[in-house]
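K.L.:
My questions will all concern the structure given below.
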Amino acid sequence: MYKDLKKYLETELQSIEDAGLYKKERIITSSQSAEIEVGGKTVLNFCANNYLGLSNNARVIEAAKKAMDTHGFGMSSVRFICGTQDIHKELEVAVSKYFGTDDTILYAACFDANGGVFEPLFSEQDAIISDSLNHASIIDGVRLCKAKRYRYANADMNELENCLKEAQTQRFRIVVTDGVFSMDGNVAPMDKICDLAEKYNALVMVDECHSAGVIGKTGRGVNELFNVYGRIDIHTGTLGKAFGGGIGGFTTGRKEIIDLLRQRSRPYLFSNSIPPTIAGASLEVFKMLDESDMLHTVLVENVEYFRSKMLAAGFDIKPTQSAICAVMLYDAKLSQAFAAKILDEGIYVTGFYYPVVPQGQARIRVQLSAAHKRTHLDKCINAFIKVRYEV
Ligand SMILES: *Cc1c(COP(=O)(O)O)cnc(C)c1O
(Lines give C-alpha, C1' and ligand atoms only; values in the text may rest on other atoms or scores of the structure.)
Protein backbone atom coordinates (compact mmCIF):
# COMPACT_ATOMS: atom_id res chain seq x y z
CA MET A 1 0.00 0.00 0.00
CA TYR A 2 2.76 2.44 0.92
CA LYS A 3 3.94 2.63 -2.70
CA ASP A 4 0.62 4.27 -3.65
CA LEU A 5 0.62 6.63 -0.68
CA LYS A 6 4.26 7.55 -1.34
CA LYS A 7 3.41 8.60 -4.89
CA TYR A 8 0.55 10.73 -3.61
CA LEU A 9 2.72 12.32 -0.90
CA GLU A 10 5.46 13.15 -3.38
CA THR A 11 2.93 14.94 -5.59
CA GLU A 12 1.53 16.85 -2.63
CA LEU A 13 4.99 17.87 -1.42
CA GLN A 14 5.92 18.97 -4.92
CA SER A 15 2.79 21.11 -5.21
CA ILE A 16 3.60 22.78 -1.88
CA GLU A 17 7.12 23.44 -3.15
CA ASP A 18 5.83 24.72 -6.54
CA ALA A 19 3.45 27.13 -4.80
CA GLY A 20 6.45 28.50 -2.90
CA LEU A 21 4.83 27.47 0.40
CA TYR A 22 7.30 24.81 1.53
CA LYS A 23 8.27 25.62 5.11
CA LYS A 24 11.97 25.25 5.76
CA GLU A 25 13.37 25.33 9.28
CA ARG A 26 16.43 27.34 10.22
CA ILE A 27 18.61 25.68 12.84
CA ILE A 28 19.41 27.72 15.95
CA THR A 29 22.51 26.60 17.84
CA SER A 30 22.21 29.00 20.79
CA SER A 31 19.52 29.48 23.42
CA GLN A 32 16.44 31.52 22.51
CA SER A 33 17.18 35.19 23.12
CA ALA A 34 17.45 38.63 21.50
CA GLU A 35 20.72 37.50 19.93
CA ILE A 36 20.77 34.01 18.49
CA GLU A 37 23.13 31.90 16.45
CA VAL A 38 21.67 30.70 13.17
CA GLY A 39 23.75 28.81 10.64
CA GLY A 40 26.98 29.86 12.34
CA LYS A 41 25.99 33.53 12.26
CA THR A 42 24.87 35.74 15.14
CA VAL A 43 21.64 37.55 14.30
CA LEU A 44 19.10 39.65 16.16
CA ASN A 45 15.87 37.78 16.70
CA PHE A 46 12.67 39.67 15.90
CA CYS A 47 10.39 36.71 15.28
CA ALA A 48 10.07 34.91 18.62
CA ASN A 49 7.08 35.08 20.95
CA ASN A 50 9.59 35.78 23.73
CA TYR A 51 7.72 38.96 24.69
CA LEU A 52 9.06 39.36 28.22
CA GLY A 53 12.50 38.00 27.39
CA LEU A 54 12.09 35.14 29.85
CA SER A 55 13.06 32.26 27.54
CA ASN A 56 16.64 32.47 28.71
CA ASN A 57 16.19 34.19 32.07
CA ALA A 58 18.64 33.08 34.77
CA ARG A 59 16.03 33.00 37.56
CA VAL A 60 13.65 30.94 35.44
CA ILE A 61 16.39 28.45 34.48
CA GLU A 62 17.46 28.13 38.11
CA ALA A 63 13.85 27.47 39.17
CA ALA A 64 13.53 24.78 36.49
CA LYS A 65 16.69 23.06 37.72
CA LYS A 66 15.57 23.27 41.33
CA ALA A 67 12.17 21.78 40.51
CA MET A 68 13.93 18.90 38.78
CA ASP A 69 16.03 18.30 41.91
CA THR A 70 13.04 18.35 44.25
CA HIS A 71 10.31 16.89 42.02
CA GLY A 72 12.14 14.79 39.43
CA PHE A 73 12.14 14.80 35.65
CA GLY A 74 8.86 13.37 34.38
CA MET A 75 5.37 12.58 35.63
CA SER A 76 4.69 9.41 33.61
CA SER A 77 1.02 9.93 34.27
CA VAL A 78 -2.04 11.96 33.52
CA ARG A 79 -3.21 14.34 36.22
CA PHE A 80 -6.06 12.26 37.67
CA ILE A 81 -4.12 9.01 38.07
CA CYS A 82 -0.82 10.03 39.66
CA GLY A 83 0.32 13.10 37.71
CA THR A 84 -0.58 15.89 40.12
CA GLN A 85 2.15 17.35 42.33
CA ASP A 86 1.92 20.21 44.79
CA ILE A 87 3.60 22.48 42.23
CA HIS A 88 0.90 21.76 39.62
CA LYS A 89 -1.76 22.93 42.07
CA GLU A 90 0.38 25.95 43.09
CA LEU A 91 0.79 26.91 39.43
CA GLU A 92 -2.97 26.74 38.86
CA VAL A 93 -3.46 29.09 41.81
CA ALA A 94 -0.78 31.46 40.47
CA VAL A 95 -2.39 31.60 37.01
CA SER A 96 -5.83 32.28 38.54
CA LYS A 97 -4.37 35.05 40.65
CA TYR A 98 -2.61 36.62 37.65
CA PHE A 99 -5.79 36.71 35.55
CA GLY A 100 -8.20 37.44 38.40
CA THR A 101 -10.21 34.27 37.78
CA ASP A 102 -11.76 31.54 39.98
CA ASP A 103 -9.70 28.53 38.96
CA THR A 104 -7.30 27.14 36.35
CA ILE A 105 -6.68 23.81 34.63
CA LEU A 106 -3.27 23.06 33.05
CA TYR A 107 -2.71 21.38 29.69
CA ALA A 108 0.34 20.24 27.75
CA ALA A 109 -0.19 23.20 25.39
CA CYS A 110 -2.76 25.87 24.60
CA PHE A 111 -3.49 23.87 21.46
CA ASP A 112 -4.85 21.24 23.85
CA ALA A 113 -6.63 23.79 26.04
CA ASN A 114 -8.52 25.05 22.96
CA GLY A 115 -9.00 21.52 21.66
CA GLY A 116 -10.53 20.38 24.92
CA VAL A 117 -12.70 23.29 25.97
CA PHE A 118 -15.80 23.17 23.73
CA GLU A 119 -16.80 19.52 23.51
CA PRO A 120 -17.34 19.01 27.27
CA LEU A 121 -19.46 22.15 27.60
CA PHE A 122 -21.57 22.40 24.44
CA SER A 123 -23.75 20.15 22.26
CA GLU A 124 -26.12 20.31 19.26
CA GLN A 125 -28.44 22.61 21.17
CA ASP A 126 -25.76 25.30 21.56
CA ALA A 127 -24.02 27.94 19.44
CA ILE A 128 -20.34 28.89 19.10
CA ILE A 129 -19.79 32.31 17.55
CA SER A 130 -16.19 32.67 16.38
CA ASP A 131 -14.05 35.50 14.99
CA SER A 132 -12.89 34.70 11.43
CA LEU A 133 -9.22 35.22 12.36
CA ASN A 134 -9.21 32.93 15.38
CA HIS A 135 -6.26 30.59 15.86
CA ALA A 136 -6.22 27.15 14.22
CA SER A 137 -6.52 25.43 17.62
CA ILE A 138 -9.83 27.21 18.30
CA ILE A 139 -11.09 26.16 14.89
CA ASP A 140 -10.09 22.55 15.60
CA GLY A 141 -11.66 22.67 19.07
CA VAL A 142 -14.92 23.91 17.58
CA ARG A 143 -14.79 21.10 15.00
CA LEU A 144 -14.68 18.52 17.79
CA CYS A 145 -17.93 19.84 19.21
CA LYS A 146 -21.43 19.42 17.79
CA ALA A 147 -22.61 22.95 18.55
CA LYS A 148 -23.95 25.11 15.72
CA ARG A 149 -21.21 27.35 14.29
CA TYR A 150 -21.35 31.02 13.46
CA ARG A 151 -18.49 33.15 12.14
CA TYR A 152 -18.07 36.92 12.06
CA ALA A 153 -15.49 39.04 10.20
CA ASN A 154 -12.48 40.00 12.31
CA ALA A 155 -13.56 42.23 15.21
CA ASP A 156 -16.70 43.26 13.30
CA MET A 157 -19.26 44.07 15.98
CA ASN A 158 -22.17 44.45 13.54
CA GLU A 159 -21.61 40.96 12.20
CA LEU A 160 -21.20 39.65 15.74
CA GLU A 161 -24.51 41.21 16.73
CA ASN A 162 -26.22 39.57 13.75
CA CYS A 163 -24.78 36.18 14.73
CA LEU A 164 -25.99 36.68 18.29
CA LYS A 165 -29.49 37.51 17.04
CA GLU A 166 -29.56 34.43 14.81
CA ALA A 167 -28.33 32.23 17.65
CA GLN A 168 -31.10 33.18 20.06
CA THR A 169 -32.94 29.90 19.51
CA GLN A 170 -29.97 27.90 20.80
CA ARG A 171 -29.74 26.85 24.48
CA PHE A 172 -26.30 28.33 25.28
CA ARG A 173 -24.28 30.77 23.17
CA ILE A 174 -20.57 31.55 23.44
CA VAL A 175 -18.54 34.23 21.66
CA VAL A 176 -14.94 33.11 21.08
CA THR A 177 -12.05 35.36 20.08
CA ASP A 178 -8.30 35.70 20.17
CA GLY A 179 -7.27 38.52 22.52
CA VAL A 180 -4.52 39.72 20.16
CA PHE A 181 -4.60 38.61 16.52
CA SER A 182 -1.19 37.36 15.52
CA MET A 183 -0.95 38.78 12.00
CA ASP A 184 -2.02 42.43 12.54
CA GLY A 185 -1.28 42.71 16.26
CA ASN A 186 -4.74 44.21 16.82
CA VAL A 187 -6.72 43.60 20.00
CA ALA A 188 -10.25 42.20 20.06
CA PRO A 189 -12.66 44.90 21.36
CA MET A 190 -13.46 42.95 24.52
CA ASP A 191 -15.52 45.71 26.15
CA LYS A 192 -17.88 45.78 23.16
CA ILE A 193 -17.90 42.00 22.91
CA CYS A 194 -18.86 41.75 26.60
CA ASP A 195 -21.60 44.39 26.13
CA LEU A 196 -23.08 42.45 23.19
CA ALA A 197 -22.74 39.13 24.99
CA GLU A 198 -24.62 40.52 27.96
CA LYS A 199 -27.29 42.08 25.76
CA TYR A 200 -27.89 38.78 23.92
CA ASN A 201 -27.24 36.46 26.86
CA ALA A 202 -24.04 34.79 25.68
CA LEU A 203 -20.86 33.54 27.31
CA VAL A 204 -17.45 34.99 26.37
CA MET A 205 -14.17 33.16 25.76
CA VAL A 206 -10.83 34.73 24.88
CA ASP A 207 -7.54 33.13 23.83
CA GLU A 208 -4.81 35.15 25.53
CA CYS A 209 -1.76 33.57 23.86
CA HIS A 210 -0.45 36.83 22.34
CA SER A 211 -2.16 39.14 24.84
CA ALA A 212 -1.24 37.79 28.28
CA GLY A 213 1.97 39.33 29.54
CA VAL A 214 1.71 41.99 26.83
CA ILE A 215 -1.45 44.11 26.91
CA GLY A 216 -2.99 46.02 29.80
CA LYS A 217 -1.26 48.44 32.14
CA THR A 218 0.85 45.72 33.78
CA GLY A 219 0.47 43.07 31.07
CA ARG A 220 -2.36 41.10 32.60
CA GLY A 221 -4.21 40.76 29.32
CA VAL A 222 -7.65 41.78 28.12
CA ASN A 223 -9.22 41.95 31.60
CA GLU A 224 -6.80 44.67 32.56
CA LEU A 225 -6.77 46.54 29.23
CA PHE A 226 -10.57 46.82 29.04
CA ASN A 227 -11.34 46.47 32.75
CA VAL A 228 -13.67 43.55 32.03
CA TYR A 229 -12.80 41.53 35.15
CA GLY A 230 -15.62 39.10 35.91
CA ARG A 231 -17.26 39.55 32.51
CA ILE A 232 -15.24 36.92 30.62
CA ASP A 233 -16.18 33.32 31.40
CA ILE A 234 -13.20 31.48 29.90
CA HIS A 235 -9.62 32.49 29.12
CA THR A 236 -7.18 30.11 27.44
CA GLY A 237 -3.46 30.80 27.33
CA THR A 238 0.02 29.42 26.84
CA LEU A 239 3.18 29.08 28.90
CA GLY A 240 5.01 28.89 25.57
CA LYS A 241 5.11 32.59 24.71
CA ALA A 242 5.50 35.50 27.17
CA PHE A 243 5.65 33.32 30.30
CA GLY A 244 9.03 31.69 29.71
CA GLY A 245 8.32 30.08 26.36
CA GLY A 246 8.81 26.48 27.51
CA ILE A 247 5.62 24.59 26.86
CA GLY A 248 2.24 24.20 28.47
CA GLY A 249 -1.17 25.78 28.35
CA PHE A 250 -4.12 26.50 30.55
CA THR A 251 -7.79 27.33 30.71
CA THR A 252 -8.74 29.75 33.46
CA GLY A 253 -12.15 31.10 34.38
CA ARG A 254 -15.37 30.26 36.20
CA LYS A 255 -15.13 27.57 38.85
CA GLU A 256 -17.81 25.16 37.59
CA ILE A 257 -16.45 25.34 34.04
CA ILE A 258 -12.96 24.38 35.22
CA ASP A 259 -14.44 21.66 37.48
CA LEU A 260 -16.25 20.08 34.53
CA LEU A 261 -13.19 20.32 32.27
CA ARG A 262 -11.23 18.31 34.87
CA GLN A 263 -13.89 15.60 34.57
CA ARG A 264 -14.49 15.60 30.82
CA SER A 265 -11.81 17.44 28.83
CA ARG A 266 -10.10 14.82 26.70
CA PRO A 267 -6.62 16.38 26.24
CA TYR A 268 -6.51 16.73 30.06
CA LEU A 269 -7.74 13.21 30.82
CA PHE A 270 -5.75 11.37 28.16
CA SER A 271 -2.42 13.21 27.95
CA ASN A 272 0.60 13.52 30.20
CA SER A 273 1.04 16.11 32.97
CA ILE A 274 3.43 18.98 32.35
CA PRO A 275 6.86 18.11 33.78
CA PRO A 276 8.08 19.53 37.11
CA THR A 277 10.67 21.72 35.36
CA ILE A 278 7.88 23.57 33.56
CA ALA A 279 5.68 23.84 36.65
CA GLY A 280 8.57 25.07 38.81
CA ALA A 281 9.88 27.54 36.23
CA SER A 282 6.38 28.89 35.51
CA LEU A 283 5.76 29.41 39.22
CA GLU A 284 8.92 31.51 39.29
CA VAL A 285 7.71 33.48 36.24
CA PHE A 286 4.42 34.40 37.92
CA LYS A 287 6.29 35.26 41.11
CA MET A 288 8.58 37.60 39.17
CA LEU A 289 5.63 39.25 37.41
CA ASP A 290 3.93 39.68 40.77
CA GLU A 291 7.02 41.35 42.23
CA SER A 292 7.63 43.82 39.42
CA ASP A 293 6.19 45.19 36.16
CA MET A 294 9.64 46.12 34.92
CA LEU A 295 9.80 43.61 32.04
CA HIS A 296 6.40 44.66 30.79
CA THR A 297 7.35 48.33 31.00
CA VAL A 298 10.49 47.69 28.92
CA LEU A 299 8.44 45.76 26.36
CA VAL A 300 5.94 48.61 25.96
CA GLU A 301 8.78 51.15 25.63
CA ASN A 302 10.43 48.98 22.98
CA VAL A 303 7.21 48.67 20.96
CA GLU A 304 6.63 52.43 21.11
CA TYR A 305 10.23 53.22 20.17
CA PHE A 306 10.24 50.78 17.24
CA ARG A 307 6.88 51.92 15.91
CA SER A 308 7.60 55.63 16.11
CA LYS A 309 11.02 55.29 14.43
CA MET A 310 9.63 53.07 11.68
CA LEU A 311 6.72 55.40 11.02
CA ALA A 312 9.10 58.36 10.95
CA ALA A 313 11.20 56.45 8.38
CA GLY A 314 8.09 56.22 6.21
CA PHE A 315 7.20 52.56 6.70
CA ASP A 316 3.58 51.49 6.51
CA ILE A 317 2.85 49.78 9.83
CA LYS A 318 -0.50 48.38 10.92
CA PRO A 319 -1.79 50.01 14.09
CA THR A 320 -0.83 47.70 16.94
CA GLN A 321 -1.91 47.44 20.54
CA SER A 322 0.42 44.52 21.20
CA ALA A 323 4.06 43.53 20.68
CA ILE A 324 3.41 42.53 17.06
CA CYS A 325 4.27 45.11 14.39
CA ALA A 326 3.20 44.30 10.84
CA VAL A 327 5.40 46.17 8.38
CA MET A 328 3.27 46.17 5.24
CA LEU A 329 4.90 45.44 1.87
CA TYR A 330 1.75 44.13 0.11
CA ASP A 331 3.72 42.09 -2.46
CA ALA A 332 4.40 38.39 -1.69
CA LYS A 333 7.69 38.11 -3.58
CA LEU A 334 8.93 41.37 -2.11
CA SER A 335 8.19 40.13 1.42
CA GLN A 336 10.34 37.05 0.84
CA ALA A 337 13.17 38.97 -0.81
CA PHE A 338 13.03 41.52 2.00
CA ALA A 339 13.22 38.88 4.75
CA ALA A 340 16.17 37.17 3.01
CA LYS A 341 18.05 40.41 2.46
CA ILE A 342 17.53 41.72 5.97
CA LEU A 343 18.82 38.42 7.36
CA ASP A 344 22.09 39.24 5.58
CA GLU A 345 22.08 42.41 7.66
CA GLY A 346 21.78 40.27 10.80
CA ILE A 347 18.05 40.73 11.41
CA TYR A 348 15.88 37.64 11.67
CA VAL A 349 12.23 38.36 10.79
CA THR A 350 9.57 36.47 8.87
CA GLY A 351 7.71 37.54 5.73
CA PHE A 352 4.07 36.45 5.54
CA TYR A 353 1.91 36.31 2.45
CA TYR A 354 -1.24 34.65 1.11
CA PRO A 355 -2.78 32.35 2.34
CA VAL A 356 -1.42 33.13 5.83
CA VAL A 357 -2.60 36.73 5.36
CA PRO A 358 -5.18 37.99 2.80
CA GLN A 359 -4.16 38.30 -0.87
CA GLY A 360 -2.18 41.49 -1.50
CA GLN A 361 -1.47 41.98 2.21
CA ALA A 362 2.08 40.56 2.35
CA ARG A 363 4.15 41.87 5.20
CA ILE A 364 7.12 41.44 7.50
CA ARG A 365 6.00 40.64 11.02
CA VAL A 366 8.25 42.08 13.70
CA GLN A 367 7.83 40.85 17.26
CA LEU A 368 9.31 43.00 19.99
CA SER A 369 10.66 41.70 23.28
CA ALA A 370 11.75 43.06 26.63
CA ALA A 371 15.06 41.34 25.85
CA HIS A 372 15.77 43.82 23.04
CA LYS A 373 18.18 46.59 23.91
CA ARG A 374 17.98 50.03 22.28
CA THR A 375 21.02 49.14 20.16
CA HIS A 376 19.17 46.04 18.88
CA LEU A 377 16.15 48.12 17.93
CA ASP A 378 18.28 50.73 16.17
CA LYS A 379 20.14 48.04 14.24
CA CYS A 380 16.83 46.54 13.13
CA ILE A 381 15.35 49.90 12.09
CA ASN A 382 18.51 50.86 10.19
CA ALA A 383 18.51 47.50 8.42
CA PHE A 384 14.90 48.04 7.34
CA ILE A 385 15.82 51.44 5.93
CA LYS A 386 18.87 50.05 4.11
CA VAL A 387 17.12 46.99 2.66
CA ARG A 388 14.17 49.05 1.45
CA TYR A 389 16.43 50.62 -1.18
CA GLU A 390 17.98 47.29 -2.18
CA VAL A 391 15.01 45.06 -2.90
C1 LIG B 1 0.45 30.04 19.99
C2 LIG B 1 -1.01 30.00 20.05
C3 LIG B 1 -1.70 28.86 20.48
C4 LIG B 1 -1.02 27.56 20.76
O5 LIG B 1 -0.29 27.63 21.95
P6 LIG B 1 0.67 26.42 22.34
O7 LIG B 1 0.75 26.49 23.83
O8 LIG B 1 1.96 26.66 21.65
O9 LIG B 1 0.00 25.17 21.87
C10 LIG B 1 -3.08 28.94 20.61
N11 LIG B 1 -3.75 30.07 20.33
C12 LIG B 1 -3.11 31.19 19.90
C13 LIG B 1 -3.90 32.43 19.61
C14 LIG B 1 -1.74 31.18 19.74
O15 LIG B 1 -1.11 32.27 19.29
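The values are calculated or read from the model by the stated rules, or taken from the named source; none is laboratory data. Bear in mind the structure is a predicted one, so any value in this text is a computation, not a measurement. Glycine gets a Cβ as well: all are built from the backbone with ideal geometry, and neighbour counts include every protein chain shown.
K.L.:
Select from the range 249-288 the residues that are under 21 Å from the mean Cα position of the chain (by Cα) and of a type in the set (Asp, Glu) and list them in ascending order.
P.N.:
Glu284
K.L.:
Where in the range 164-265 are the strands (runs of 3 or more DSSP E), entirely inside, with at least 3 residues that are within 15 Å of the ligand (Cβ to nearest atom) and in contact with a Leu (Cβ under 7 Å, 6 or more places away or on another chain)?
P.N.:
Working: elements: 173-178, 203-207, 234-238, 249-253.
Per the criteria, 249-253.
K.L.:
Then there is this: In the list Glu90, Glu12, Glu62, which residue meets the criterion of being more than 29 Å from Val214 (Cα to Cα) and either assigned to a helix (DSSP H, G or I) or not hydrophobic (A, V, I, L, M, F, W, C) (or both)? Before the answer, list the steps.
P.N.:
Values: Glu90 fails: more than 29 Å from Val214 (Cα to Cα); Glu62 fails: more than 29 Å from Val214 (Cα to Cα).
One residue alone meets the criteria, Glu12.
K.L.:
Do we find a residue being away from the ligand (no atom under 16 Å from the Cβ), buried (at least 19 other Cβ atoms within 10 Å of the Cβ) and under 23 Å from Leu260 (Cβ atoms) anywhere in the range 63-70? Spell out the reasoning first.
P.N.:
Looking only at the range 63-70, we keep the residues that are away from the ligand (no atom under 16 Å from the Cβ), and these are 63-70.
Imposing the further condition that a residue be buried (at least 19 other Cβ atoms within 10 Å of the Cβ) reduces the set to 63-64, 67.
Retained after the next criterion (residues that are under 23 Å from Leu260 (Cβ atoms)): none.
Scanning the range 63-70 turns up no residue that is away from the ligand (no atom under 16 Å from the Cβ), buried (at least 19 other Cβ atoms within 10 Å of the Cβ) and under 23 Å from Leu260 (Cβ atoms).
K.L.:
Another question, if that's okay. Can you give me the number of residues within the range 257-298 that are among the small types (Gly, Ala, Ser) and farther than 18 Å from Ser77 by Cβ?
P.N.:
Of the residues in the range 257-298, 3 are among the small types (Gly, Ala, Ser) and farther than 18 Å from Ser77 by Cβ.
K.L.:
Cβ-Cβ distance below 9 Å, separation of 6 or more or different chains: which pairs start in the range 239-258 with a residue that is free of Cβ contacts under 8 Å to residues at least 24 places away in the same chain and end on one that is in a loop (DSSP other than H, G, I, E, B) and more than 14 Å from the ligand (Cβ to nearest atom)?
P.N.:
Glu256/Asp102
K.L.:
Go through the range 93-128 and count every residue that is farther than 17 Å from Ser271 by Cα and in a helix (DSSP H, G or I).
P.N.:
7
K.L.:
For Glu25, are the conditions met, namely being at pLDDT below 95 and either more than 25 Å from Ala340 (Cα to Cα) or of a type in the set (Asp, Glu) (or both)? Before the answer, list the steps.
P.N.:
Details: at pLDDT below 95: yes; either more than 25 Å from Ala340 (Cα to Cα) or of a type in the set (Asp, Glu) (or both): yes.
So Glu25 passes the test.
K.L.:
Okay, next question. Scan the range 99-120 residue by residue and report those that are among the hydroxyl-bearing types (Ser, Thr, Tyr) and away from the ligand (no atom under 16 Å from the Cβ).
P.N.:
Of the residues in the range 99-120, the ones among the hydroxyl-bearing types (Ser, Thr, Tyr) are 101, 104, 107.
Within the range 99-120, Thr101 is the sole residue that qualifies.
K.L.:
Here's a follow-up. Scanning for something aliphatic (A, V, I, L, M), at pLDDT 95 or above and not in a helix (DSSP H, G or I), does the range 277-284 turn up at least one residue? Working first, answer last.
P.N.:
Applying the first criterion (aliphatic (A, V, I, L, M)) to the range 277-284 yields 278-279, 281, 283.
Right, trim to at pLDDT 95 or above and you get 278-279, 281, 283.
Now narrow it down to the ones that are not in a helix (DSSP H, G or I): none.
No, the conditions are met nowhere in the range 277-284.
K.L.:
Another question about this same structure. With respect to Ser123, is the statement that it is more than 10 Å from the ligand (Cβ to nearest atom) and over 20 Å from the mean Cα position of the chain (by Cα) true? It would help to see each step written out before you state the result.
P.N.:
Numbers: more than 10 Å from the ligand (Cβ to nearest atom): yes; over 20 Å from the mean Cα position of the chain (by Cα): yes.
So Ser123 passes the test.
K.L.:
Tell me, which residue of the range 145-163 that is away from the ligand (no atom under 15 Å from the Cβ) and in a loop (DSSP other than H, G, I, E, B) is nearest to Val117 (Cα to Cα)?
P.N.:
Step one: filter the range 145-163 for residues away from the ligand (no atom under 15 Å from the Cβ), giving 145-153, 156-163.
Those still in the list that are in a loop (DSSP other than H, G, I, E, B) too: 145-147, 153, 156.
On the way: Cys145: 9, Lys146: 13, Ala147: 12, Ala153: 22, Asp156: 24 Å.
Across the range 145-163, the extreme among qualifying residues is Cys145.
K.L.:
Within the bounds of the range 127-144, is there any residue that is surrounded by fewer than 22 Cβ atoms within 10 Å (Cβ to Cβ) and away from the ligand (no atom under 16 Å from the Cβ)?
P.N.:
Scanning the range 127-144 turns up no residue that is surrounded by fewer than 22 Cβ atoms within 10 Å (Cβ to Cβ) and away from the ligand (no atom under 16 Å from the Cβ).
K.L.:
Does any residue in the range 198-217 that is among the polar types (S, T, N, Q) come within less than 6 Å, Cβ to Cβ, of a residue that is near the ligand (Cβ under 10 Å from one of its atoms) and part of a loop (DSSP other than H, G, I, E, B) six or more places away or on a different chain, and which pairs are these?
P.N.:
Ser211/Gly179
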